[in-house]
Structures are given as structure tokens and as C-alpha cells.
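Written below as C-alpha cells is the structure these notes are about.
The values are calculated or read from the model by the stated rules, or taken from the named source; none is laboratory data. These numbers were taken from a predicted model, which means no experiment stands behind them. All Cβ positions, glycine included, derive from the backbone under ideal geometry; neighbour counts span all protein chains shown.
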Amino acid sequence: MAKTIGIVTSGGDAPGMNAAIRAVTRIGHAKGFQVIGFERGWDGLLTNTFKKLTPRSVGGIIQLGGTILHTLRCPVFEEEGGVEKAAETLSINNVDNLVVIGGDGSFRGALDLSRESDALMIGIPATIDNDVYGTDETIGFDTAVNTAVGSIDKIRDTAISHERIFIVEVMGRKRGFLALEVGICVGAEVILIPENPMNLADIVKLMEENAKKGKRAGIIVAAEGFGNTSKIAQEMQRQTESEIRLSILGYAQRGGSPTARSRLLASLFAEKAVDLICQEQGNMTVGLQNGAIAGVELEKSAKNRKPLDLRLLKVAEMLAT
Ligand code: ADP
């Protein structure tokens with residue numbers, strides 16, 4: 001009997017998840033596996049809900065954002081009995097390998113499941129937050145950066161025309177990877193990220209220095225994890241003579257057609273994932289490390305915090321003069 005690969009997409013959706021589903025299915029089939037896709041994240045493993053995936057059924061999805069398998073955040077999975085139930089589902093369906101496409105939370109779930117199940121877990125990092133240890137880049141990050149940059153370029157037009165300061169809040173959950181890269185790419189005057197706490201007085205001072213240099217408009221890119229941007233905008237409005245506006249980019253950053261870069265990463269990560277499966281190397285995640293696709297122990301990627309290169313913030317500061 002052909003061995004079975006299960007696929008699950010979990011946590012926040014990211015553009016390129018579909019490209020990864022497609023690539024695991026097609027390469028898996030070519031290597032002699034049958035492939036099934038659990039629906040709605042870990043919930044699919046709790047309710048035994050899945051569909052058979054074939055090279056034909058994953059046609060026409062490489063360019064689609066989101067995930068055809070649907071996803072959700074599934075607190076029940078973390079509750080008592082959740083992981084055991086998921087392990088039972090894998091066992092009754094003879095799933096030998098489970099490919100988990102998601103972020104660090106999903107990988108922590110996979111790690112818990114690996115302790116209860118004989119199926120080998122393989123993680124493929126996909127999140128717009130880029131906050132997964134063991135990979136320089138996650139599937140979806142490049143798309144989200146480009147989406148945010150496109151929106152902020154438009155906001156910049158209004159900022160310049162009206163000589164206003166815009167605080168633009170971008171996603172990233174508790175980390176600043178997205179804000180930092182977006183900030184550099186839009187030429188932000190200030191970038192606010194959780195990894196570099198700043199108080200309001202410092203931010204106001206920076207904007208006042210900019211005003212003295214003749215900059216009458218400005219973009220402040222703030223990570224959602226930095227703090228309450230609405231409050232920051234109100235306080236800045238009170239303390240400065242500038243007109244301050246807040247724009248929260250929100251969910252538009254999560255969707256959309258994946259960029260070529262996100263599709264390529266998804267395809268290459270999937271190829272590596274199936275390769276590890278063929279070598280029976282389980283409980284691993286795949287990632288990009290210094291330009292090469294590599295395997296990382298699941299335990300490491302699930303438990304470690306990815307470092308953020310604060311030198312990039314210095315570069316951004318030099319560019320904002
Ligand atoms: P992401 O995978 O994008 O980081 P989440 O952090 O929301 O998204 O995690 C996705 C799902 O993984 C959660 O809804 C939960 O079911 C599961 N999960 C998260 N953290 C853990 C954990 N520590 N142990 C077990 N399962 C977890």
C-alpha cells in the first residue's frame with residue numbers, strides 16, 4: 001500500500017500556502033505517496049475531516065492567496081486530549097508523515113503531536129510575520145512586504161501633498177520583521193518595532209528634528225506589536241504642531257496573489273520536505289539558511305526565538321536623514 005502524506009495548513013493564512021500544498025502533493029505523488037489534506041487547521045485532525053489531494057485537484061492554485069484547505073486558530077487542540085485525538089486520526093488514516101504548513105505556533109503544535117504519534121512531522125514555515133526560527137524567510141513574507149509597500153507608497157503621496165505625518169501600522173504580531181523591512185523599503189522617517197522600545201518623547205524628538213531639516217511630511221511605520229498606535233497618534237497630535245494621521249493596513253496585508261518569490265520558496269521548501277520524508281527524517285522543519293534550503297530540528301524551530309538583525313534599524317536611520 002502506498003504510504004500517506006497528510007498536509008495541514010494552520011494558524012494565520014499566508015500567500016504561498018497554496019503553492020506549497022500543490023508542490024507537496026505533486027512531488028509526493030511522483031515519489032509514490034498518496035496525499036490527503038486536513039481541513040481547517042488542527043480542527044481537521046480533531047474531527048477527521050480531510051480530502052484526497054491529487055496532482056489534478058491542486059491545479060490552478062499556485063497563484064491564489066490563502067489556503068484551499070482553510071485554516072484556523074484552534075485552542076481546543078491545545079486542551080487536554082486534543083493532541084491524543086489528532087494522533088488517533090493520523091493512526092486510523094494510516095498517515096505516515098504530516099506536513100504542517102504554518103508559523104511557530106503551528107510548529108509547537110506539531111512538536112506536541114510528535115510526542116503522541118508515530119507519524120513523522122515536517123514543518124514548512126509559512127507566515128507573513130517571518131518570525132520562525134531556523135529560516136531566514138517564511139512563505140508569504142515577501143508578498144506581505146510588497147503589499148504593504150504598495151499601500152504606503154500611496155499614503156506617501158497624500159502625506160507629501162498635505163504635509164502631514166502618517167503613522168502606518170503594519171502586521172507582524174509580536175515581532176518587527178515585517179515593519180522593519182517595509183520601513184526601509186518605503187523610506188520611513190521612523191520605524192517602531194517591539195524589539196527596539198522607544199517612548200513617545202523620543203519619537204516626538206525625532207519628528208521635530210526632521211521638521212528642522214525641512215521635512216514637512218513623514219511616514220512612521222509601526223509594527224502592531226509596538227504598542228497602541230491610536231494613542232501614539234493622539235499624543236503626537238497634542239504634543240507637536242504637525243497634522244498626524246493613523247492608517248492601519250490590517251488584513252489586506254495577509255491576502256492576495258503570492259509574489260514570484262513566495263511561490264518559489266513554497267515550491268523549494270515543499271521539495272525539501274518531501275525529500276526529508278523519503279529519507280524518513282521526521283520531526284524536522286525546512287528553511288532558508290544563507291541562500292540554501294536546509295532542514296532544522298522541529299524542536300529547535302518550535303522552541304527558539306528568531307533573532308532580528310537590529311543593524312537594519314541603523315541602516316534605516318541613516319537613510320532617513
Ligand atoms: P502560527 O502557526 O501562524 O504561529 P498560531 O500561533 O495561532 O499561528 O498557532 C496555530 C495553532 O497551533 C493554534 O491555534 C494552536 O492550535 C496550535 N498551537 C499554538 N501554540 C501551541 C502550543 N504551545 N502547543 C500546542 N499547540 C499549539
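Any idea how many residues of region 290-321 are surrounded by 10 or more Cβ atoms within 10 Å (Cβ to Cβ) and more than 30 Å from A273 (Cα to Cα)?
Matching residues across region 290-321 total 9.
Among the residues of region 203-212, is any surrounded by fewer than 22 Cβ atoms within 10 Å (Cβ to Cβ) and assigned to a loop (DSSP other than H, G, I, E, B)? Reasoning before the result, please.
The initial filter retains those residues of region 203-212 that are surrounded by fewer than 22 Cβ atoms within 10 Å (Cβ to Cβ), namely 203-212.
From the residues that got through so far, the ones that are assigned to a loop (DSSP other than H, G, I, E, B) too are none.
Taking every residue of region 203-212 in turn, none turns out to be surrounded by fewer than 22 Cβ atoms within 10 Å (Cβ to Cβ) and assigned to a loop (DSSP other than H, G, I, E, B).
Cβ-Cβ below 6 Å, separation at least six or inter-chain, first residue in region 50-65 and in the same structural domain as D13 (by TED's automatic domain parsing), second part of a loop (DSSP other than H, G, I, E, B) and of a type in the set (A, V, I, L, M): which pairs?
I61/I68
Name the residues in region 21-38 that are farther than 18 Å from I62 by Cα and within 16 Å of the ligand (Cβ to nearest atom), would you?
Passing the criteria: only F38.
Within region 76-95, take every residue that is away from the ligand (no atom under 11 Å from the Cβ) and of a type in the set (A, V, I, L, M) and give me the one that is farthest from M1 (Cα to Cα).
Of all residues in region 76-95, those away from the ligand (no atom under 11 Å from the Cβ) come to 80-81, 84-85, 87-95.
Going one step further and asking which of them are of a type in the set (A, V, I, L, M), we end up with 87, 90, 92, 95.
Numbers: A87: 20, L90: 16, I92: 15, V95: 12 Å.
Only one residue tops the list, namely A87.
Do any residues in region 35-48 that are farther than 17 Å from I68 by Cβ have Cβ atoms under 9 Å from those of residues that are part of a loop (DSSP other than H, G, I, E, B) and acidic (D, E), where the two are at least six apart or on different chains, and which pairs are they?
T47/E39
Within region 37-77, track down each residue that is buried (at least 18 other Cβ atoms within 10 Å of the Cβ) and assigned to a strand (DSSP E or B).
The answer is G37, F38, F50, L53.
So is L98 within 16 Å of the ligand (Cβ to nearest atom), part of a strand (DSSP E or B) and buried (at least 16 other Cβ atoms within 10 Å of the Cβ) or not?
Numbers: within 16 Å of the ligand (Cβ to nearest atom): yes; part of a strand (DSSP E or B): yes; buried (at least 16 other Cβ atoms within 10 Å of the Cβ): yes.
Considered against the rule, which asks whether it is within 16 Å of the ligand (Cβ to nearest atom), part of a strand (DSSP E or B) and buried (at least 16 other Cβ atoms within 10 Å of the Cβ), L98 comes out as yes.
Which numbered condition in (1) surrounded by fewer than 24 Cβ atoms within 10 Å (Cβ to Cβ); (2) within 23 Å of the chain's Cα centre (by Cα); (3) within 15 Å of the ligand (Cβ to nearest atom) is the only one that N146 fails?
Condition (3) is where N146 drops out.
Identify the residue in region 233-279 that is charged (D, E, K, R), within 14 Å of A14 (Cα to Cα) and buried (at least 19 other Cβ atoms within 10 Å of the Cβ) and, among all such residues, is farthest from the chain's Cα centre (by Cα). Lay out the reasoning, then the answer.
At the first step, the residues of region 233-279 found to be charged (D, E, K, R) are 235, 238, 241, 243, 245, 254, 261, 263, 271-272, 275.
In the following step, the residues that additionally are within 14 Å of A14 (Cα to Cα) were identified as 254, 261, 263.
Of the ones still in play, those that are also buried (at least 19 other Cβ atoms within 10 Å of the Cβ) are 254, 263.
Values: R254: 9, R263: 14 Å.
Here the residue is R263.
Considering only strands (runs of 3 or more DSSP E) fully contained in region 225-321, which possess at least 2 residues that are away from the ligand (no atom under 16 Å from the Cβ) and of a type in the set (D, E, K, R)?
Values: elements: 244-248, 284-289, 292-297.
The strands (runs of 3 or more DSSP E) meeting that bar number zero.
Of the residues G134, G123, G176, which is touching a strand residue (DSSP E or B) at 6+ places or on another chain (Cβ under 7 Å), farther than 30 Å from L45 by Cβ and either more than 16 Å from the ligand (Cβ to nearest atom) or in contact (Cβ under 8 Å) with a residue 40 or more places away in the chain (or both)? Give the derivation first.
Numbers: G134 fails: farther than 30 Å from L45 by Cβ; G123 fails: farther than 30 Å from L45 by Cβ.
Selected residue: G176, the only one of G134, G123, G176 that is touching a strand residue (DSSP E or B) at 6+ places or on another chain (Cβ under 7 Å), farther than 30 Å from L45 by Cβ and either more than 16 Å from the ligand (Cβ to nearest atom) or in contact (Cβ under 8 Å) with a residue 40 or more places away in the chain (or both).
Can you go through I101, I92 and tell me which one is touching a helix residue (DSSP H, G or I) at 6+ places or on another chain (Cβ under 8 Å) and outside the structural domain of L249 (by TED's automatic domain parsing)? Lay out the reasoning, then the answer.
Numbers: I92 fails: touching a helix residue (DSSP H, G or I) at 6+ places or on another chain (Cβ under 8 Å).
Exactly one of I101, I92 is touching a helix residue (DSSP H, G or I) at 6+ places or on another chain (Cβ under 8 Å) and outside the structural domain of L249 (by TED's automatic domain parsing), namely I101.
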